[in-house]
Amino acid sequence: MKILGQDTIETSPFSLVSLAYQGGLCSQGIPSHGALITAHRSRQISALDLIHSAVALNRLPSDLVNQGYLKAVENGFLFYYLSHPRSKSTL
């Protein structure tokens, strides 16, 4: 995380997923913990949703949003997928 200006903080892609997982984006309607992972798996929440929420909260500058950052946020979910494997009955 790096402070860019008086009110904007740049968050790394993995840190953004972690922030959402820990409930830091709940005020923007992004679920936390296992509900976040479930919502992402079912395509109810996307990496772009996390990015837009972070921009709205001044956690990211809007000009940072590009395809590379978007892909990195998607990849950031992989760690949490390993922490929340699907049960065999839902495969």
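The values are calculated or read from the model by the stated rules, or taken from the named source; none is laboratory data. These numbers were taken from a predicted model, which means no experiment stands behind them. Here the Cβ is made from the backbone with ideal geometry for all residues, glycine too, and neighbour counts use every protein chain on show.
Here residue 5 meets the list (1) small (Gly, Ala, Ser); (2) at pLDDT 95 or above; (3) part of a loop (DSSP other than H, G, I, E, B) almost entirely, failing just condition (2). Checking the stated criteria, residue 27 turns out to be in a helix (DSSP H, G or I) and more than 18 Å from residue 10 (Cα to Cα).
For the stretch 40-91: of the residues being in a loop (DSSP other than H, G, I, E, B) and hydroxyl-bearing (Ser, Thr, Tyr), which is nearest to residue 26 (Cα to Cα)? Here the answer is 46. No other residue among 40, 52, 33 is crowded, with 18+ Cβ neighbours inside 10 Å and farther than 16 Å from residue 12 by Cβ apart from 40.
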